[in-house]
C-alpha cells in the first residue's frame, strides 16, 4: 500500500507537472503570437523585396536609357561639327556668289546704259551703208545709161589712202564703236566697184 508521504510526494510532482504544462502552454501561446508577428514581417519583407527588385529593374532600364542618350549625344555632337563645317563652306560659296552677282550686276548695268547707244549706232551704220549702196548703184547706173556718156564723164573716186582713217565727224570713238559691230572702216562697196571717200558719193560715217 502507498503511504501518506508517497501520496504527498506524488501530488507535489503532479502539481509541478501541471505548473510546467501551464507555463509551456503560456509560452506556446507567446511563441505562436511571435510567429504570427514574424509571419507578418515576412510578408512585409517579401513585399519590400519585390518592390526593391522592381526598383533595381527600373534603375537598370534608366541606366540603359542614359547610355543610349549618351551615345545619341555623341552622335549629335558629331553631326553638329559636320553641320558647322558645311555652314562655313556654304558661307564661302555665298560670298563667292555674291561677288559674282555684283560683277554680273555691274556688267548688266553697263550693258543697259550702252544698249540704246549701241542699237542707235547699228541703225545709223545700216542707214549709212544703205546710203553708200544707193549712191554706188546710182553712179554705176549713170555710167551705163544711154546718153549718160562714158565712165570718164563721172570718174569713180579713188579709195582713201591707207594711212588716213575714215572721217567720222571728228568723233574718233565712233570708229572703235563702229568696229565692234563687225564693219570694216575701209568702207563698203559691192563686188566689181571701188569704195569712195569723196563727199559726192556718201556722207561721212558719223554713227553716234
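The values are calculated or read from the model by the stated rules, or taken from the named source; none is laboratory data. As the structure is a computational prediction, the values presented were derived from the model and not from experiment. All Cβ positions, even for glycine, are placed from backbone atoms using ideal geometry, and neighbour counts span all protein chains on display.
The figures follow:
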read-out: Qualifying position, being in contact with a helix residue (DSSP H, G or I) (Cβ under 8 Å, 6 or more places away or on another chain), modelled with pLDDT under 90 and surrounded by 10 or more Cβ atoms within 10 Å (Cβ to Cβ), among 148, 143; value: 148
read-out: Residue within the range 5-16 that is loosely packed, with under 10 Cβ neighbours inside 10 Å and not in a helix (DSSP H, G or I) present; value: no
read-out: Inter-residue pairs, beta-carbon under 9 Å, first assigned to a helix (DSSP H, G or I) and in the range 53-69, second exposed (fewer than 10 other Cβ atoms within 10 Å of the Cβ), 6+ apart; value: none
read-out: Selected residue (only one of 124, 101, 109, 28 is surrounded by 10 or more Cβ atoms within 10 Å (Cβ to Cβ), out of contact with any helix residue (DSSP H, G or I) (no Cβ under 7 Å at 6 or more places or on another chain), touching a residue at least 12 places away in the same chain (Cβ under 8 Å) and part of a helix (DSSP H, G or I)); value: 124
